[in-house]
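First up is the structure itself, then whatever we jot down about it.
The values are calculated or read from the model by the stated rules, or taken from the named source; none is laboratory data. For clarity, every value in this text was computed on a predicted model and none was experimentally measured. All Cβ positions, glycine included, derive from the backbone under ideal geometry; neighbour counts span all protein chains shown.
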Amino acid sequence: MKSRTIQAVCFDVGSTLIRPCPSVAETMARVAAERGHDLTVRDFEPYMPAMDAYYEAEYLRDGDFWCSHEGSTAIWLDQYRYVCHLVGIGHDADGMAGEVHAAFERSDHWEAYPDVLGCLRALKELGLLLAVVSNWDAGLEDLLRGMQLLPYFDEVVSSAVVGYRKPDPVIFDLACERLGVGAAHVAHIGDRPDADGDGASAAGIRPIIIDRRDAETDCPHVRVRTLSDIPSLL
């Protein structure tokens, strides 16, 4: 994998650069309490794996919801509604989902992983161009700005804005075009072997999978446990 030909690095966002903080369960519990429901975070936490499974099933069935802001918003809302039904407050699912979604549109409900800033700074010191290529809604650039991450990136390519989503190689092609760098000189880091790994590879980009939990043991692409390892690979 090590090569001196890399001129630019692209990053996925969710589960790669940032994570919810407070967690989804904590945020749903807060909103529920504010709306008069006698529920705590302990009531929501057991249903987080089911929420993840719901998203995964919808994504594998037809992930094109990421190709528009409306579709991207809908999948967020649907996940929160689903949890509300599981926890027994389905009658308030719409109101709950709307408030939870509004919370996660704000930068104060996300945090960067501890290894992110060091990695980004090291890559910039190497003179590399950086971009975001993410399946996300149209608010991604504002979110990164609020988290003070936007200045590190030369380009932000959001699926909902450009109308293509990973693993479609077109979204990677657009990133390369905007960066002015050929695909053979670009690496992409993300957490999904399918969307990030296979998608980048199909576009001629070198994929690296960030596998913080060492869960993707069958992944055919290069894996790292921390972004701190990225600069030494390039």
> Hey, does region 144-160 have a residue that's within 14 Å of the chain's Cα centre (by Cα) and more than 13 Å from VAL13 (Cβ to Cβ)?
Replying inline: no
> So which pairs qualify, if the first residue must be in region 64-80 and more than 11 Å from SER158 (Cα to Cα) and not assigned by TED's automatic domain parsing to the domain that holds ALA160, the second must be among the small types (Gly, Ala, Ser) and surrounded by 17 or more Cβ atoms within 10 Å (Cβ to Cβ), the Cβ gap must be under 6 Å, and the two must be at least 6 apart or on different chains?
Replying inline: PHE65/GLY71; LEU77/ALA97; TYR80/ALA97
> Name the residues in region 2-32 that are hydroxyl-bearing (Ser, Thr, Tyr) and in contact with a helix residue (DSSP H, G or I) (Cβ under 6 Å, 6 or more places away or on another chain), would you?
Replying inline: THR5, THR27
> Among the residues of region 107-127, is there at least one that is surrounded by 16 or more Cβ atoms within 10 Å (Cβ to Cβ), in a loop (DSSP other than H, G, I, E, B) and under 20 Å from the mean Cα position of the chain (by Cα)?
Replying inline: yes
> Since ASP168 meets every condition but one in (1) farther than 23 Å from THR73 by Cβ; (2) free of Cβ contacts under 8 Å to residues at least 40 places away in the same chain; (3) of a type in the set (D, E, K, R), which condition does it not meet?
Replying inline: (1)
>> Based on this model, can you work out whether SER228 counts as farther than 20 Å from LEU123 by Cα and either in a strand (DSSP E or B) or under 19 Å from the mean Cα position of the chain (by Cα) (or both)?
In response: no
> Can we say ALA102 is under 29 Å from ARG61 (Cβ atoms) and in contact (Cβ under 8 Å) with a residue 12 or more places away in the chain?
Replying inline: no
> Among the residues of region 162-214 satisfying the criterion of being assigned to a loop (DSSP other than H, G, I, E, B) and small (Gly, Ala, Ser), which is surrounded by the most Cβ atoms within 10 Å (Cβ to Cβ)?
Replying inline: ALA203
> Taking region 148-161 as the region of interest, how many residues are surrounded by fewer than 18 Cβ atoms within 10 Å (Cβ to Cβ) and polar (S, T, N, Q)?
Replying inline: 1
